[in-house]
Amino acid sequence: MANQVLKVVKDTLLKRQPEQSHELPDDQLYTVESGTVYPIHSYAWADDEGNFNEHVRFALKDDNINGFNTWYVFNRDIEVEFDGKLVYPWEEQTAIQILRITEDTVVKRRPVDASELTDEEKHEVKDGMTFELHSYAWADASGEFNDHIRFAIGDRREFINGLSTWYVDEKHAQVEFDDDVVYPLPEARNRPVPAGTPASSTASATAASASKTFSGPTIDLPGHGTVYLAQPIIPNGNFNWAEATKNGSRIPRTKAEVDNILALAKPLQQAREQLGRSFRVTSWYRPEPFNSRVGGARRSQHLGGRAADLVVSGMNGRQVARELIAWWPGGVGTYAGNRSHIIHLDVGPRRKWGF
């Protein structure tokens with residue numbers, strides 16, 4: 001008989017509703033320790049009405065907690081296994097986003113000028129401060145937040161004056177994922193292909209094909225020699241080695257990892273040509289310790305350079321997924337909430353999620 005379990009990987013709280021813990025009464029919370037394992041009947045991270053506010057809902061198989069069978073838990077604090085195989089999270093469903101303060105300012109309880117707030121409704125923060133986020137938004141159903149970002153802090157230890165949710169002027173802060181700014185969104189970039197790029201096999205995108213039309217920093221790739229960061233990964237392509245290696249800060253360690261990047265670049269180029277829009281890479285090759293820092297899945301395809309997260313100009317993740325799913329050779333994933341503009345594409349096993 002199949003065995004499905006939920007494993008707690010971090011000390012956390014089970015909740016009766018998918019809300020932040022400080023918003024719930026004590027009788028709707030239950031403390032659990034890392035290492036706790038629950039046999040479960042089912043689990044879900046979303047229903048027809050949307051996602052569960054970064055939570056997983058699960059139903060216990062043969063037991064209850066405080067008289068209840070169904071609970072919610074913050075998605076970064078658990079994993080789900082089916083017959084010993086990890087089935088949740090898939091890739092960046094539980095990724096950590098960071099709010100970085102970019103100049104001395106105040107965070108606020110309401111999105112108005114600081115002069116209109118009482119001392120209890122504002123708190124000074126310094127340039128360079130960071131907060132691990134539970135979620136963020138720049139607008140709700142009523143409209144925009146008066147040029148502010150509303151953010152909810154994910155780590156209880158970082159709550160400000162005991163409160164999780166605050167506003168900050170969007171000129172004084174930015175949201176980051178994997179060292180890349182995801183809000184405010186930068187302008188989409190079109191990357192022209194340098195004239196004279198030789199047309200040949202995929203492998204010739206490496207040192208053997210480097211021409212005098214390229215200049216600037218270089219990196220050494222195992223088994224492939226030296227390439228320019230500005231050089232296309234495949235001949236006549238729009239994706240370059242700077243995008244795959246985070247501007248040369250993450251150099252592949254093996255020839256196999258370089259080959260993975262080459263293998264992904266080919267269908268990515270096909271997707272770009274099909275859609276006729278610019279693609280912005282937010283994350284590609286992400287070895288350790290970078291993968292763990294952003295909350296990436298333990299077996300993430302990013303670890304070996306086989307996955308990329310991208311923003312396609314003028315389209316959200318679901319729109320891109322629907323256009324590519326018929327032929328894409330590996331995994332296609334989309335995300336809810338404030339990451340709905342991101343599409344995950346990889347050349348691992350064929351699978352899909354989020355749409």
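Some points to look at:
Residue by residue, here is whether (1) at pLDDT 90 or above; (2) assigned by TED's automatic domain parsing to the domain that holds SER292; (3) not in a strand (DSSP E or B) holds:
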site	(1), (2), (3)
GLU103	yes, no, yes
VAL106	yes, no, no
VAL112	yes, no, yes
GLY128	yes, no, yes
TYR136	no, no, no
ASN146	yes, no, yes
ILE149	yes, no, no
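- Among (1) surrounded by 12 or more Cβ atoms within 10 Å (Cβ to Cβ); (2) under 30 Å from ALA44 (Cα atoms); (3) more than 24 Å from the chain's Cα centre (by Cα) - the single one ARG156 does not satisfy: (3)
- From THR31, THR70, residue being exposed (fewer than 13 other Cβ atoms within 10 Å of the Cβ), at pLDDT 95 or above, on the phi < 0 side of the Ramachandran plot and of a type in the set (Ser, Thr, Tyr): THR31
- Members of region 55-67 that are farther than 21 Å from GLY333 by Cα and either touching a His at 6+ places or on another chain (Cβ under 6 Å) or surrounded by 11 or more Cβ atoms within 10 Å (Cβ to Cβ) (or both): PHE58, ALA59, LEU60, LYS61, ASN64, ILE65, ASN66
- Matching residues in region 222-246 - criterion: being surrounded by fewer than 18 Cβ atoms within 10 Å (Cβ to Cβ) and in contact (Cβ under 8 Å) with a residue 24 or more places away in the chain: PRO222, GLY223, ALA230, ASN236
- Scan of region 258-295 for residues that are among the small types (Gly, Ala, Ser) and either touching a residue at least 40 places away in the same chain (Cβ under 8 Å) or under 11 Å from VAL312 (Cα atoms) (or both), ordered by number: ALA263, ALA265, ALA271, GLY276, SER278, SER283, GLY295
- Checked against the criteria, PHE52 counts as within 23 Å of ALA336 (Cα to Cα), crowded, with 16+ Cβ neighbours inside 10 Å and free of Cβ contacts under 8 Å to residues at least 40 places away in the same chain.
- Matching entry among VAL125, VAL182 (being in contact with a Lys or Arg (Cβ under 8 Å, 6 or more places away or on another chain), surrounded by 15 or more Cβ atoms within 10 Å (Cβ to Cβ) and of a type outside the set (Ser, Thr, Tyr)): VAL182
- Number of the condition not met by LYS255 [criteria: (1) surrounded by 13 or more Cβ atoms within 10 Å (Cβ to Cβ); (2) at pLDDT 95 or above; (3) not small (Gly, Ala, Ser)]: (1)
- Identity of the residue in region 304-339, assigned to a strand (DSSP E or B) and of a type outside the set (Val, Ile, Thr), that ends up farthest from LEU264 (Cα to Cα): GLY333
- Residues satisfying the stated conditions in region 288-325, i.e. surrounded by fewer than 17 Cβ atoms within 10 Å (Cβ to Cβ), more than 15 Å from the chain's Cα centre (by Cα) and more than 17 Å from ILE342 (Cα to Cα): GLU288, PRO289
- Residue count, region 1-23 (criterion: surrounded by 12 or more Cβ atoms within 10 Å (Cβ to Cβ), touching an Asp or Glu at 6+ places or on another chain (Cβ under 7 Å) and of a type in the set (A, V, I, L, M)): 3
The values are calculated or read from the model by the stated rules, or taken from the named source; none is laboratory data. Small disclaimer: the values here were computed from a predicted structure and weren't measured. Neighbour counts are summed over all protein chains in view; Cβ atoms, including those assigned to glycine, are modelled from backbone coordinates with ideal geometry.
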